[in-house]
Amino acid sequence: MRELTLRSLRVFEAAASTSSFSRAAELMAMSQPAVSQQIRQLEEEAGLRLFDTHARPIQLTDAGRELLRHARAILAQVEVAADAMSSLEGQFKGQIHLGVVSPAQYFAPALLTAFRERYPQVRVKLSIAQRDTLLAQLAEHKVDLVIGGYPPAHAEVEAEAFARHPHVLVAAAGHPLADQRGLQWADLRHEPFLFREPGSSTRQFLEQLMMVQGLQVQTAIELQGPETIRQAVMAGMGISFMSAHVCQTEISHGLILVLDVAGMPKWLDWCLLYRRDRPLSSVQQALREFVLAEGAALAACVLG
């Protein structure tokens, strides 16, 4: 592919990411025919079809998926080079796309605000998704760094712990168990538990704890997402197990109380995740250093 250019790679990546030539045209400030022409030229150079244009929305072919993997790596490296040149000129600026799992959204804005106070020329973008989605986006160069728990062993990412992540059993203010100390898990046997939806990592964590404790309860109330669980706890529907980050405001104002149960809270680590096969740009390295130095204070939780 002798005529491969950065411009054509950017056009191709935009079309592949959006599954739309017209949307790619908008992103690239081009006409749709111009985007189609760029794609045709790439296909002629490759001697292979890159898109199945009969599908709706359009889909990448096997050749297209392979080119996309290399295109994103090339464009990411170009950004690193441009960033390095800017740093040599004394212009510490650029853009960072940070992905976080949902409980981290309760401290990530404060973290990014503090970071930008130190580096006001840096543009930041924040995305919230499940861990597996974020790991896939990290692999595809769609996000630069991720805040989440420890990744699975097979993930090709570095993970550096920077703060503790408490999970607690909570109840509404005025709940009969709220003022009791030294509760055992057996004391919760007849309490209505509010469960997250199947597949939730928080639910899986709770089910593992219940198995270890030999506690069996009826899954009578199942709710979607931490926000719904938080509102249901305050309404007195039952008790629940959740990240303390999710209900910091309510705990601070006494609307939700952390139950004093043996062995609780359960502590996990907050980690900063990034690719192993790609050097961090100077801006990304600055965010890494900032998170490792300041993240623990900015992610600290009130537990009662």
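Read-outs throughout are calculated quantities, based only on the coordinates presented, and are distinct from any laboratory measurement. The structure displayed is predicted, hence computed values, not measured ones. Glycine gets a Cβ as well: all are built from the backbone with ideal geometry, and neighbour counts include every protein chain shown.
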Nearest-5 percent of antiparallel DSSP beta bridges in the range 164-268?
-> 60
Given R₀ = 41 Å, FRET efficiency for residue 37-residue 116 by Cβ-Cβ distance, to 0.05?
-> 0.55
What net charge is computed for the residues neighbouring residue 165, neighbours being all others with C-beta under 12 Å from the C-beta of residue 165, Lys and Arg scored +1, Asp and Glu -1?
-> +1
Charge tally in the Cβ shell below 12 Å around residue 152, where Lys, Arg are +1 and Asp, Glu are -1, residue 152 excluded = -1
By the scheme Lys and Arg +1, Asp and Glu -1, what is the net charge of all other residues having a beta-carbon under 12 Å from that of residue 115?
-> +1
Taking the Cα centre of the range 164-268 as origin, work out the dipole magnitude from +1 charges on Lys and Arg Cβ and -1 charges on Asp and Glu Cβ, in debye rounded to 20.
-> 220
With Cα atoms, 0 to 90° folded angle of helix 282-298 axis to the chain main axis = 10
Counting Lys and Arg as +1 and Asp and Glu as -1, each charge on the Cβ, what is the dipole of the chain about the Cα centre in debye, to the nearest 20?
-> 320
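Apply the a/c threshold of 1.5 to the C-alpha gyration tensor of the range 6-76 and tell me whether it is rounded, prolate or oblate.
Rounded, because the longest to shortest axis ratio a/c is under 1.5.
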Fully extended contour minus Cα-Cα distance, from residue 18 to residue 73, at 0.36 nm per residue = 18.0 nm
Antiparallel DSSP bridges in the chain: what percent, to the nearest 5?
-> 60
With the label point 7 Å along the Cα-to-beta-carbon line of residue 221 and a cut-off under 14 Å to each amide N, the hits in the range 239-279 are 239-242, 256-257
Options [x] 21.3; [y] 19.2; [z] 15.9 are given for mean projected area of the Cα convex hull in nm², and the computed one is [y]
Per-residue ellipticity at 222 nm for the chain, helices alone: DSSP H runs ≥ 4 residues times -39500 (n - 2.57), over residue total, nearest 500 deg cm²/dmol?
-> -13500 deg cm²/dmol
The range 177-207 scanned against label point 7 Å out from residue 136 along Cα→C-beta; backbone N under 19 Å for 198-202
Where the only charges are on Cβ atoms (+1 Lys, Arg; -1 Asp, Glu), what is the dipole of the range 141-225 about its Cα centre, to the nearest 20 debye?
-> 200
For residue 142, which lysines qualify as cross-link partners when the Cα separation must be under 16 Å and same-chain residues fewer than eight apart are set aside?
-> 125
For residue 93 and residue 255 in one chain, what is 0.36 nm times their gap in residues minus the Cα-Cα distance, to one decimal in nm?
-> 54.1 nm
Name the residues of the range 278-304 whose amide N is less than 11 Å from a point 7 angstrom out from the Cα of residue 159 along the C-beta direction?
-> none
